[in-house]
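Some notes on the structure that comes next.
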Amino acid sequence: MGGPQETEFKFLLTESQYRALVKELGPPLRSRSLINRYFVPARPVERRDWVLRLRLEGEKKELTLKIGREIEPGLFDSTEYNASVDSEEPRDWERYRPFQIFRQEISVEPLKVQGESRTLRTVFRPPVAVGEAWEVDRCELPGGKVFCELEIEVDDCQPFKVQREALLDWLRGVGIEPEVSSKTKYARFLEATLKNPA
């Protein structure tokens, strides 16, 4: 498919772990308030390894097609197509690569909004040599359920096992024992949607 690859560690945090980690990491590089709006074809498709998301951040609108999988517990690999768009309406997306790939690979059916989640993302400089930034997220799902997560995008300059051990050693050193996340944010969104249908 030829899109940019993204490989990232995901760890679940309790609310108290989230607060402790944010405090431990010190002044953030930046904070972001994000609305994630998900779209699906009007008629379901069998393929399940994709997400089509419009991310809203103030006046900014970014369309993303993500196609991926979990390659080992807590380590996710995906191909991502991203584009800044001018409109929140799918009828205006025809010229953008994520939408074009979606049409080629997934479905040509009309799209409908599946729902939204919200993320407060705080970005920090890594305290150890794992990834270029640590993203500490507090996410609100349909129905009001909240979960917290640490996401770190990594490359294969070192074996993933070595990077995971360095990351966990640092976290344990500051008293945080996170849970390996076995689900993406979208999978958690789907679970919440099924429990709280519109």
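Before moving on, here are some points about what is shown:
- Between GLU72 and GLN158, the contour length at 0.36 nm per residue exceeds the alpha carbon distance by 29.4 nm.
- Charged side chains reduced to their Cβ positions (Lys and Arg at +1, Asp and Glu at -1) give the chain a dipole of some 560 debye around its Cα centre.
- Computed [θ] at 222 nm, helices only, for the chain once each DSSP H run of length n ≥ 4 contributes -39500 (n - 2.57): -7000 deg cm²/dmol
- Global form of the range 69-148, assessed from the alpha-carbon gyration tensor, a/c cut-off 1.5: prolate
- Database remark: amide H of GLY131 closer than 5 angstrom to the amide H of ASP155 (H placed geometrically; neighbours at sequence offset of 5 or more, or on other chains; Pro and chain starts carry no H).
- For the range 5-195, the relative contact order is 30 percent, taking Cα pairs closer than 8 Å that sit 6 or more residues apart in sequence and dividing their mean separation by the residue count.
- The listed peptides 161-169, 62-70, ordered by packing as a protection proxy, come out as 62-70, 161-169 (highest mean of other Cβ atoms within 10 Å first).
- Value of Rg to Rh for the range 122-164 (Rh from inverse mean 1/r over Cα pairs, i.e. Kirkwood): 1.11
- Overall Cα dimensions of the chain - principal axes, largest extent first, Å: 50, 36, 31
- Expressed as a whole percent, the proportion of Cα-Cα pairs in the range 1-71 lying more than 16 Å apart is 70%.
- Length, then width, then depth: along the principal axes, the Cα atoms of the range 18-123 run 47, 36, 21 Å.
- The charge dipole of the range 1-114, taken about the Cα centre with unit charges on the Cβ atoms of Lys, Arg (+1) and Asp, Glu (-1), comes to about 220 debye, rounded to the nearest 20.
- Selection from LEU168, THR64, SER117 lying farthest towards where the dipole of the chain points positive, charges on Cβ: SER117
Every number here is computed from the coordinates shown, using simple stated rules; none is lab data. What you see is a predicted model, and the numbers here were worked out from it, not measured in a lab. Because the Cβ atoms are built from the backbone with ideal geometry, glycine has one as well, and the counts that use them run over all protein chains shown.
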